[in-house]
Ligand code: G1P
């Protein structure tokens, strides 16, 4: 069984649900407390042993490439001023040479199409997909848990989590068949993208973390548009289930969807409270503010 070495991060979206904040910066670069959202997702991937990250970008996303690269003027200035701690934190964001690729999704045709754009860089091996709208607080990281499970069962995995009924229609939802030997792994009968709540097969949403076999690319290539008129990854995964093993994986941890303004606020506060250095000071600040207002 080939190991999971590559991760695809689709970062081409416009961030319409958080406009105007995302008018001039990529939504993935919006800070979530002390670092851009994308940093949490890249750290999650690296913790899982990912060696190569494929960013699927679009127009106006140059800041993401710059962020993961050296910034010589900044580093030289920090060095001259002996601001060693900040310098170290700044340099730590640089990905190893050759460990990142950037491919363009030229038209916003959907998540499935974005993943298809990474096909040549991924090649013929299993790969992970991490949606940067979703931050997952977990130890070990959500993808690290998935890679461990993958090394035991192989095939394809999607992370799932319970979702309240009123939000079901915003997600991909799985149709569970039976729990596997390990009750975190669930066999599935199907999955459906953004179902109306009345016909949703369960309350288990697809969380935005996937381990997929490369055969999905051939299906994505001829995938007809689905929900929202977009080429949906869920639809091609559903077709792949006919030929390959597919498990839903209940990870241990908490996911935060930064997809709209209030969810973003929730993610921001959660990450502040969980911050190893500043968490307790952040809690005190929030409590102080709540008393004041
Ligand atoms: C995408 C996927 C969906 C998944 C969701 C997780 O939807 O298509 O299956 O449940 O991410 O956040 P989007 O949020 O891009 O509409």
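For this structure, a couple of remarks:
- The sum of -39500 (n - 2.57) across all DSSP H runs of n ≥ 4, divided by the residue count of the chain, sets its helix-only mean residue ellipticity at 222 nm to -9500 deg cm²/dmol.
- Overall form of the range 140-226: oblate. Here a/c, set by the Cα gyration tensor axes a ≥ b ≥ c, is 1.5 or more, and a/b is not larger than b/c.
- Cβ-derived FRET efficiency at R0 51 Å, residue 153 paired with residue 292, nearest 0.05: 0.50
- On Cα atoms only, tilt of 279-292 relative to the major axis of the chain in degrees: 80
- Length available on full extension from residue 124 to residue 269: 0.36 nm per residue minus the Cα-Cα distance, which gives 48.2 nm.
- Springs between Cα atoms under 10 Å define the GNM used for the chain, and in it the highest mean-square fluctuation of 221, 79, 230 occurs at 79.
- For the chain, a Gaussian network of Cα nodes joined below 10 Å ranks 94, 136, 160 by mean-square fluctuation, and the top entry is 94.
- Rg over Rh, two decimals, the range 176-286 (C-alpha only, Kirkwood Rh): 1.07
- Max mean-square fluctuation residue, GNM over the chain, Cα-Cα springs under 10 Å, options 31, 108, 276: 276
- Separation in nanometres of the label points that stand 7 Å from Cα toward Cβ, at residue 215 and residue 91: 4.7
- Residue 34-residue 2 FRET efficiency (beta carbon distance; Förster radius 30 Å; 0.05 resolution): 0.25
- Alpha carbon centroid spacing (whole Å) that separates the range 108-160 from the range 222-288: 12
- Label point distance in nm, residue 222-residue 84, each placed 7 Å from Cα along Cα→Cβ: 6.2
- Debye intensity ratio in log₁₀ form over the Cα atoms of the chain, taken at each q of 0.11, 0.13, 0.14 Å⁻¹: -0.67, -0.93, -1.08
- The gain in end-to-end length when the residue 242 to residue 199 segment is fully stretched comes to 13.3 nm, 0.36 nm per residue minus the alpha carbon separation.
- Relative contact order of the chain, defined on C-alpha pairs under 8 angstrom at six or more residues apart (%): 22
- Approximating the spin labels as points 7 Å out from Cα along Cα→Cβ, the residue 283-to-residue 51 distance works out to 4.1 nm.
- Across the alpha-carbon atoms of the range 201-256, the computed radius of gyration and Dmax are 12.6, 35 angstrom.
We did not get these values from a lab; they are worked out from the coordinates using the rules stated. All figures in this text were calculated on a predicted structure; none of them were measured in a lab. Virtual Cβ from ideal backbone geometry, glycine too; neighbours counted across all protein chains shown.
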